[in-house]
């Protein structure tokens, strides 16, 4: 990762989930913003360009699929990682076809996998940013 700090947003209507994800990210020195309110998440996305967003699918108000669409419209380079306790083939399919970078089922059995996915996302985004920067000055 470059010297620029990654911008990460956690969204889940369950406070315990965002708190757990925040703790594992902080363990890797990754800071994040978090919210349990999907509408607040949209406000945050309009205020800051996030590199990685981890969002639940089933939330009151805006669904994670809607959050995914909004995130991609604001920042197409953003990687959205979807989490859900209600995994179905159609949910996974819709998330991935709409641009989700990865998909995890709650309760989390593989917190290390989430960390690896976040790190992979950040690395890929940084490479894209460098390529775009290099091409814009050619």
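Any read-out appearing in this document is the output of simple, stated calculations on the displayed coordinates, not a laboratory observation. Being a predicted model, the structure only gives us computed values, none of them experimental. For neighbour counting, all protein chains shown are included, and Cβ atoms are generated from backbone atoms with ideal geometry for every residue, glycine included.
A compact table of results
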| item | result |
| --- | --- |
| Positions within region 70-87 being without any contact (Cβ under 8 Å) to a residue 40 or more places away in the chain and under 13 Å from residue 10 (Cβ atoms), in sequence order | 71, 80, 82 |
| Selection within region 88-99 - assigned to a helix (DSSP H, G or I) and either crowded, with 16+ Cβ neighbours inside 10 Å or in contact (Cβ under 8 Å) with a residue 24 or more places away in the chain (or both) | 91, 92, 94, 95 |
| Pick from region 102-116, criterion in contact with a strand residue (DSSP E or B) (Cβ under 9 Å, 6 or more places away or on another chain) and touching a residue at least 40 places away in the same chain (Cβ under 8 Å), ranking: surrounded by the fewest Cβ atoms within 10 Å (Cβ to Cβ) | 108 |
| Where residue 76 falls short, out of the listed (1) assigned to a helix (DSSP H, G or I); (2) out of contact with any helix residue (DSSP H, G or I) (no Cβ under 9 Å at 6 or more places or on another chain) | (1) |
